[in-house]
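Undergrad: Below: one structure in structure tokens.
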Amino acid sequence: MMNEPSIEKLTAGGLNRYQICIATAKVAREIIDEYNLEDRFVAGDEKAKKPVHDDKPVKTAVHAIDAGEYEVNPYPSEEGGEDDGAAVLEENYEGGEDAPLNE
């Protein structure tokens with residue numbers, strides 16, 4: 001059970017629990033993809049050590065959202081397509097503008 005950050009702190013910005021859950025899942029999926037990419041690079045080199053990740057992806061995602069590393073848009077599309085959850089925007093995107101994740 002995760003106590004920090006509290007759900008009250010995460011929902012203080014006007015988001016509901018469902019939106020926090022969807023955003024956390026999307027960020028965690030990105031983190032898992034990064035872990036898998038690191039593992040593939042290490043697999044090709046027999047002398048390299050596999051990277052150790054201390055925290056689980058969901059815990060890392062919650063802390064990243066809480067720290068403001070990702071912006072959560074509660075209304076990703078006005079038309080309401082298949083994905084009616086929250087869109088997650090990475091704030092430190094190198095392309096100049098915010099880029100939606102998992103679109």
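Undergrad: Net charge near Ile20: determine it from the other residues with C-beta under 12 Å of the C-beta of Ile20, scoring Lys and Arg +1 and Asp and Glu -1.
TA: Net of charged neighbours comes to +1.
Undergrad: Now a separate question. Please give the contour-minus-distance gain from Lys9 to Val52: 0.36 nm per residue of separation, less the Cα-Cα distance, rounded to one decimal in nm.
TA: 12.6 nm
Undergrad: Pop out the ³J(HN,Hα) list for segment 56-61 in order, Karplus 6.51 cos²θ - 1.76 cosθ + 1.60 with θ = phi - 60°, rounded to Hz; leave Gly and Pro as x.
TA: Values per residue, Gly and Pro as x: 6, x, 5, 5, 4, 5 Hz.
Here, each number is a calculation from the coordinates, and none is a lab measurement. As the structure is a computational prediction, the values presented were derived from the model and not from experiment. Neighbour counts are summed over all protein chains in view; Cβ atoms, including those assigned to glycine, are modelled from backbone coordinates with ideal geometry.
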